[in-house]
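For reference, the structure discussed in these notes is given below.
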Amino acid sequence: MSRVAQLRRDPRAGVAIAVLGGIAVALFPLFRPPLDGLTNDAILALAFVVMALGLNLVVGFAGLLDLGYVAFYAFGLMVTGWWASDFFSSVNDEKGIHVGTSDFVSSLPGIHLNLLLLIIGAIVICATAGILIGLPTLRLRGDYIAIVTLAFGEIISRVFANGDEVTIFGDNKLSNGRQSISPIDQINLPIFGEFDSATDLRPYYWAVLALVLVVLFVDFRLRDSRLGRAWIALREDEVAAASMGVPLVKTKLLSYAAGGAFGGISGAFLGPFFSSINANQFQFGFSIFILAMVILGGLGSVWGVVLGAVSLSFVNYWLIPDVLDGEFVRGKLDSLGLEFSFSEVTFGVFGFLLVLMMVLRPEGLLPERRRQIELTSGEGPLDDTKAAVFEARA
Amino acid sequence: MSVESGNGSVDSLLATEHVTKAFGGLVAVEDVSFHVKPRSIVSIIGPNGAGKTTFFNMLTGLYKPTLGRILFGGTDVTGTRPDIITSLGVARTFQNIRLFSSMTATENVMVGQHARMKAGLFGSILRPPSVRKEEIAVRDKAREMLAYVGLAENHFGQLASNLSYGDQRRVEIARALASDPALLLLDEPTAGMNPQESARLTEFMEQLREERALTILLIEHDMKVVMGVSERITVLDHGTKIAEGQPEEIRADDRVIEAYLGKREGGQQG
Amino acid sequence: MEAATVTSAPSRRRSEAVWEFISTYGLILLLLALPIRYGIQDLSDDGNLNRLGNNLVEGLSNGAVLALIALGYTLVYGIIELINFAHGEVFMLGSLASAALYATFGLTPATGAAGLVLGLAAILILAMMVSASLNVMIERVAYRPLRGAPKLAPLITAVGMSFILQNVGVLWIGASQKAVPDLLGSQKHLIEIWGVSITRGHVLAIAVTIPLVLLLTSFVARSRLGKAMRATAQDPEAARLMGINVDTTISLTFLLGGLMAGAAGLISALYQTSIWYFQGFSAGLYAFTAAVMGGIGNIRGAVLGGVIIGIIQGISDNRIGNDWTPAIVFVYLVIIMVFRPQGLIGEETREAG
């Protein structure tokens, strides 16, 4: 056995790489300017990691193809639009309602809640929406589930896009329609104080990194639990799962609810980060953007989905606009007389990736452990994941 | 009629009354009444398409009977959801093995204990000591069950899809046993087995009844197994019950010979 | 105990019959809700139904286009149980090709009647061929390699294909809506019946659709290939054993669906007098709704569904607002898929119960 192989076999090497990688990820913004394009893209990438992990619960674990994930993005962002801006400016005799906000924000009209409350609100709303969207799909077959969820995604997007014509609670509008709601309050956390995305992006980076860690923890806990096994059983064989005592309705709805909640968390973070919300963002393409992350990384594979989300985010926010449409490539193409911008075909690229992956490597770049290990002998204690992966690679 | 459903429900573990299932215009099972005594081994036989698996699917809640009642332990379970029927104490295997192929043997058996576990969404996330303890117990029990059905220990961690056919059958039985059933339904458990394996399975069924106080209902084509293990046999043909009784009676029944044995005597269904 | 089963028997049968009744007539009632609501409004406002009549006529011509697209969904689903998500884009590219061919054939609004008819006939055939070959190619590249894969895999590639083709449209004509010459004067008033104005566009849509649907129906019903298609749809394995080349038959199905989509593409270009890379997305989903409404796999059902959705679209566009139409059609889609997945005149799928 070569020394490299020996090194890879040693679990300590893996731990060391993980620790070093973790430190690099956590500290890299310190070595960049406060307002850095790369940090900006990394923040988006991490927020989409949370989204993709949520969709992975539904599509990857439970095997329910959800093509309407944009609904949770919409609800998550709208929660911040409703409850962290001057959108409901008339409440409380135009004095506003404020919970846990900075001094400046506390003087503004409208409802203004702290980020932590926004996240809780988004979780509740998105989990409920997930259940409501899931309910009608319970008796449907896989492809019909896909279309019904797609339809719900479109309905919700449309309602928000035309929300300026819809009134709720008296004469309040549901949304500003195709006009933006802005500004959304900056994040204000106890101890850390109020962030300011106009001068320093780094606090946003660390906040979203913390969210990713929490969500990953929850994700692993769910995967290796009674519920996670029930989801995978459901994905593998619904009839057998039901016959083994897995309640189909409850298990499916829990996956929709949990998946939706992840989307809500991400949306509640992205609202303050974008600082402005526009219903034009709520497009079917967004659902496919997130789905492509899950499929690229590997359906059901947690680390795969993280990889897929990070790489597609960078393709979308960096590779296509900054590199392919950047001056260098632009110049080359212009000299060839080719007049076209890669940004226009971004979704074609994602579509191409979907086709390519499904045809050539349906298990994804970093397949789920279950699909990856072909042969392992014996079984270790409860947390044998890492060892198994290393054995399989050796 | 040997079944009087009124008192049948008192001393039978399982009883059906006039159970009928129609798919559109096609009647797959028609007016089948029968009962199974506790701690007995009972077989359902019949030619292909006789409605045996449809009948099983009604017993386990996958199909809702068009007519009739199903009683388990005296309670009416007609049209009850499959997972609830499982939690009441009915477990099954499938004619063409239906393991969760991307899960290990152990995980498959752990899923079998789903109905006996308590951890919910928040319990799974927060994993308090009670859930942790439950998780360990469930894993231990899964391993115990796998050992009980005779799976080699170095196969416990293998993906179900990588196991040999015989081992997959074993895991499926272990998965069914893991839900602590009172009644075990086996759908053609010896399909694809050689005579030695079949004989071993026959012994194992008797062992299950003795050691685990199980009642077993099986669909089987292998007459040697059926005649060897069953206390009672019910014969279905074209969805209706054409005979019922002890093995010797069935062997001598003209209608059965005509419908079934006559055509495929000693033969094994492939 | 005898009594128990006797009483439970008819009641269970009756509850199924009641459900069947409610889901059929409830759906029909729901479909009539919009026309009835605005009919009443018109009667009380104007004292006649002219406005509603105009909406219906417009809806009928929308519906003709949707029906042609819906045929593609229904044929393909009928044979391989795949929602060909890229089908809307096949229609869109048919439309783009048609518009491009105007110039090739030198057609302008000033072209004389004879030249126009000949030119458009040629364009119709070419557009149909473009869409058909595109659809066949999609099947070869994206779906055939996945036959036998889990059922959701080809659906995911179908979604991917749909995005690729949309971007082909973007590269071809750009990302914004583009006006095309109004060759026929499609808004030109032709006749008025009971106060309802019929335009050339309306007549065109219906006049192209009806013969095509009749041709398709008789092809599927009568020809040898049509029989092979139906046999494959019933049971691919048995069809293979009977000596039917299943791959060819599936290709043929995509070909037929593509032909219809190409025709719809030309009609749409002539009728809407604008083309857009995104026109296939909503049209595709509307047409899919139509196919499900009519009972997926059912040719006549697809036409009926197309007309119904077209009318809903016509009324919603004019009365509620363009922006709301997708939401309204999708609400219908959800209701149909959930409460009556077999459609208005479909049968229950293979696996009953």
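Working only within the range C:329-345, note down all residues that are within 14 Å of another protein chain (Cβ to nearest Cβ) and either touching a residue at least 40 places away in the same chain (Cβ under 8 Å) or among the aromatic types (Phe, Trp, Tyr) (or both). Let's see the steps before the verdict.
Going residue by residue through the range C:329-345, those that are within 14 Å of another protein chain (Cβ to nearest Cβ) are C:329-343.
Correct list: C:Val329, C:Phe330, C:Tyr332, C:Leu333, C:Ile335, C:Ile336, C:Met337, C:Phe339, C:Arg340, C:Pro341, C:Gln342, C:Gly343.
Take the residues of the range C:265-283 that are of a type in the set (Gly, Ala, Ser) and either more than 27 Å from A:Ala151 (Cβ to Cβ) or part of a helix (DSSP H, G or I) (or both): which is nearest to the other protein chains (Cβ to nearest Cβ)? Spell out how you get there, then give the answer.
Applying the first criterion (of a type in the set (Gly, Ala, Ser)) to the range C:265-283 yields C:265, C:268-269, C:274, C:280, C:282-283.
Remaining after also requiring either more than 27 Å from A:Ala151 (Cβ to Cβ) or part of a helix (DSSP H, G or I) (or both): C:265, C:268-269, C:280, C:282-283.
On the way: C:Gly265: 20, C:Ser268: 20, C:Ala269: 22, C:Gly280: 12, C:Ser282: 9, C:Ala283: 14 Å.
Among them, the one singled out is C:Ser282.
Looking only at helices (runs of 4 or more DSSP H) that fall completely inside the range A:220-315, which ones have 2 or more residues that are in contact (Cβ under 8 Å) with a residue 12 or more places away in the chain? Before the answer, list the steps.
Details: elements: A:226-236, A:238-243, A:248-274, A:284-297, A:302-314.
The qualifying helices (runs of 4 or more DSSP H) are A:226-236, A:248-274, A:284-297, A:302-314.
Being more than 16 Å from the chain's Cα centre (by Cα), more than 30 Å from A:Glu344 (Cα to Cα) and in a helix (DSSP H, G or I), is that true of even one residue in the range C:284-295? Full working, then the answer.
Initial filter on the range C:284-295 (more than 16 Å from the chain's Cα centre (by Cα)): none.
Looking through the range C:284-295, none of the residues is more than 16 Å from the chain's Cα centre (by Cα), more than 30 Å from A:Glu344 (Cα to Cα) and in a helix (DSSP H, G or I).
Of the conditions (1) exposed (fewer than 13 other Cβ atoms within 10 Å of the Cβ); (2) more than 9 Å from chain C (Cβ to nearest Cβ); (3) at pLDDT 50 or above, A:Phe340 fails just one. Which one is it?
Against the list (1) exposed (fewer than 13 other Cβ atoms within 10 Å of the Cβ); (2) more than 9 Å from chain C (Cβ to nearest Cβ); (3) at pLDDT 50 or above, A:Phe340 comes up short only on (2).
Hey, can you tell me all the residues within the range A:66-85 that are of a type in the set (Ser, Thr, Tyr) and over 17 Å from A:Ala261 (Cβ atoms)? Steps first, answer last, please.
Residues of the range A:66-85 of a type in the set (Ser, Thr, Tyr): A:69, A:73, A:80, A:85.
If the condition is that a residue be of a type in the set (Ser, Thr, Tyr) and over 17 Å from A:Ala261 (Cβ atoms), then A:Ser85 is the only one that fits.
Can you confirm whether A:Val58 is of a type in the set (A, V, I, L, M, F, W, C) and either touching a Leu at 6+ places or on another chain (Cβ under 8 Å) or not assigned by TED's automatic domain parsing to the domain that holds A:Tyr256 (or both)?
Here the answer is yes, as A:Val58 does meet what is asked.
So, in the range A:174-194, exactly how many residues are in a loop (DSSP other than H, G, I, E, B), surrounded by fewer than 17 Cβ atoms within 10 Å (Cβ to Cβ) and of a type in the set (A, V, I, L, M)?
Result for the range A:174-194: 1.
Going by the conditions given, is B:Arg139 closer than 21 Å to B:Phe94 by Cα and either at the interface with chain A (Cβ under 10 Å from one of its Cβ atoms) or in a helix (DSSP H, G or I) (or both)?
Numbers: closer than 21 Å to B:Phe94 by Cα: no; either at the interface with chain A (Cβ under 10 Å from one of its Cβ atoms) or in a helix (DSSP H, G or I) (or both): yes.
Criteria not met by B:Arg139.
With respect to C:Phe105, is the statement that it is touching a Gly at 6+ places or on another chain (Cβ under 8 Å), facing another protein chain (nearest Cβ under 10 Å) and not acidic (Asp, Glu) true? Please lay out each step first, then the result.
Details: touching a Gly at 6+ places or on another chain (Cβ under 8 Å): yes; facing another protein chain (nearest Cβ under 10 Å): no; not acidic (Asp, Glu): yes.
Here the answer is no, as C:Phe105 does not meet what is asked.
Looking at the range B:150-157, is at least one residue acidic (Asp, Glu), without any contact (Cβ under 8 Å) to a residue 12 or more places away in the chain and surrounded by fewer than 24 Cβ atoms within 10 Å (Cβ to Cβ)?
Taking the range B:150-157 and keeping what is acidic (Asp, Glu), we get B:153.
The next check asks that each one be without any contact (Cβ under 8 Å) to a residue 12 or more places away in the chain; those that pass are B:153.
Now narrow it down to the ones that are surrounded by fewer than 24 Cβ atoms within 10 Å (Cβ to Cβ): B:153.
Among the residues of the range B:150-157, at least one is acidic (Asp, Glu), without any contact (Cβ under 8 Å) to a residue 12 or more places away in the chain and surrounded by fewer than 24 Cβ atoms within 10 Å (Cβ to Cβ), which makes the answer yes.
Are any residues in the range A:142-180 touching an Asp or Glu at 6+ places or on another chain (Cβ under 9 Å) and more than 19 Å from A:Leu291 (Cα to Cα), and if so, which ones?
Within the range A:142-180, A:Arg158, A:Ala161, A:Asn162, A:Glu165, A:Lys173, A:Leu174, A:Ser175, A:Asn176, A:Gly177, A:Arg178, A:Gln179 qualify.
Among the listed residues B:Ser179, B:Ser161, B:Ser198, identify the single one that is of a type outside the set (Lys, Arg) and crowded, with 22+ Cβ neighbours inside 10 Å. Give the derivation first.
Numbers: B:Ser161 fails: crowded, with 22+ Cβ neighbours inside 10 Å; B:Ser198 fails: crowded, with 22+ Cβ neighbours inside 10 Å.
Just one listed residue meets the conditions, B:Ser179.
Looking at the range B:217-226, is at least one residue at pLDDT 90 or above and over 20 Å from B:Ala91 (Cβ atoms)?
Checked against the condition, which is being at pLDDT 90 or above and over 20 Å from B:Ala91 (Cβ atoms), the range B:217-226 yields at least one hit.
I'd like to verify a number: residues in the range C:168-215 that are in contact with a Phe, Trp or Tyr (Cβ under 6 Å, 6 or more places away or on another chain) and polar (S, T, N, Q), how many?
Residues flagged as in contact with a Phe, Trp or Tyr (Cβ under 6 Å, 6 or more places away or on another chain) and polar (S, T, N, Q) within the range C:168-215 amount to 2.
What are the pairs, 6+ residues apart or on separate chains, where a residue within the range C:229-244 that is farther than 18 Å from C:Tyr77 by Cα has its Cβ under 6 Å from a residue that is part of a loop (DSSP other than H, G, I, E, B)?
Taking only residues 6 or more apart or on different chains, not a single pair turns up.
Is it true that some residue in the range A:344-365 is at pLDDT below 85, on the phi < 0 side of the Ramachandran plot and of a type in the set (Phe, Trp, Tyr)?
No - not one qualifying residue is present in the range A:344-365.
Being under 30 Å from C:Thr325 (Cβ atoms) and either among the β-branched types (Val, Ile, Thr) or outside the structural domain of A:Pro272 (by TED's automatic domain parsing) (or both) narrows it down to one of A:Val105, A:Val148, so name that one.
Numbers: A:Val105 fails: under 30 Å from C:Thr325 (Cβ atoms).
Selected residue: A:Val148, the only one of A:Val105, A:Val148 that is under 30 Å from C:Thr325 (Cβ atoms) and either among the β-branched types (Val, Ile, Thr) or outside the structural domain of A:Pro272 (by TED's automatic domain parsing) (or both).
For the condition away from chain A (no Cβ under 14 Å) and either acidic (Asp, Glu) or under 27 Å from C:Glu20 (Cβ atoms) (or both), what is the one hit in C:Gly295, C:Gly262, C:Gly305, C:Gly257?
C:Gly305
Given A:Ser313, A:Ser276, which one is among the hydroxyl-bearing types (Ser, Thr, Tyr), within 27 Å of C:Phe278 (Cβ to Cβ) and touching a strand residue (DSSP E or B) at 6+ places or on another chain (Cβ under 8 Å)?
Just a single option satisfies the conditions, and that option is A:Ser276.
Inside the range C:10-32, can you point out the residues that are within 21 Å of C:Phe330 (Cβ to Cβ) and either in contact with a strand residue (DSSP E or B) (Cβ under 9 Å, 6 or more places away or on another chain) or at pLDDT 80 or above (or both)?
Let us first name the residues in the range C:10-32 that are within 21 Å of C:Phe330 (Cβ to Cβ), namely C:23, C:26-32.
C:Gly26, C:Leu27, C:Ile28, C:Leu29, C:Leu30, C:Leu31, C:Leu32, listed by residue number.
Just need a number here: residues in the range A:152-173 that are assigned to a helix (DSSP H, G or I) and of a type in the set (Val, Ile, Thr). Spell out how you get there, then give the answer.
Just the residues of the range A:152-173 that are assigned to a helix (DSSP H, G or I), to begin with: A:152-161, A:163-165.
Imposing the further condition that a residue be of a type in the set (Val, Ile, Thr) reduces the set to A:155-156, A:159.
Summing the residues that are assigned to a helix (DSSP H, G or I) and of a type in the set (Val, Ile, Thr) in the range A:152-173 gives 3.
Return the only residue of A:Leu27, A:Leu55, A:Leu20, A:Leu38 being surrounded by 12 or more Cβ atoms within 10 Å (Cβ to Cβ), away from chain C (no Cβ under 14 Å) and in a helix (DSSP H, G or I). Even if it seems obvious, please write down each step before you answer.
Numbers: A:Leu27 fails: surrounded by 12 or more Cβ atoms within 10 Å (Cβ to Cβ); A:Leu55 fails: away from chain C (no Cβ under 14 Å); A:Leu20 fails: surrounded by 12 or more Cβ atoms within 10 Å (Cβ to Cβ).
Testing whether each residue is surrounded by 12 or more Cβ atoms within 10 Å (Cβ to Cβ), away from chain C (no Cβ under 14 Å) and in a helix (DSSP H, G or I) leaves just A:Leu38.
Tell me which of these C:Asn48 doesn't satisfy, since it passes every other one: (1) in a helix (DSSP H, G or I); (2) more than 15 Å from C:Thr289 (Cα to Cα); (3) of a type outside the set (Ser, Thr, Tyr).
Here C:Asn48 clears every test but (1).
Within the range C:314-323, can you find the residues that are on the phi < 0 side of the Ramachandran plot and surrounded by fewer than 18 Cβ atoms within 10 Å (Cβ to Cβ)? Outline the logic, then answer.
Step one: filter the range C:314-323 for residues on the phi < 0 side of the Ramachandran plot, giving C:314-320, C:322-323.
Within the range C:314-323, C:Asn318, C:Arg319, C:Ile320, C:Asn322, C:Asp323 meet the criteria.
Can you pull out the residues in the range B:182-204 that are over 15 Å from B:Phe94 (Cβ atoms) and within 12 Å of another protein chain (Cβ to nearest Cβ)?
Listed by number, the list is empty, since nothing qualifies.
Residues of the range A:86-123 being touching a residue at least 60 places away in the same chain (Cβ under 8 Å), of a type outside the set (A, V, I, L, M) and in contact with a helix residue (DSSP H, G or I) (Cβ under 9 Å, 6 or more places away or on another chain), which ones?
Passing the criteria: A:Phe87, A:Phe88, A:Gly100, A:His112, A:Gly121.
Specify the residue that is nearest to A:Phe274 (Cα to Cα); the eligible residues are those in the range A:195-219 that are of a type in the set (Asp, Glu) and in a loop (DSSP other than H, G, I, E, B).
Here is the first cut: in the range A:195-219, the residues of a type in the set (Asp, Glu) are A:196, A:200, A:219.
When the remaining residues are screened for being in a loop (DSSP other than H, G, I, E, B), the result is A:196, A:200.
Values: A:Asp196: 12, A:Asp200: 14 Å.
My answer is A:Asp196.
The values are calculated or read from the model by the stated rules, or taken from the named source; none is laboratory data. This is a predicted model, so every value here is computed, not measured. All Cβ positions, even for glycine, are placed from backbone atoms using ideal geometry, and neighbour counts span all protein chains on display.
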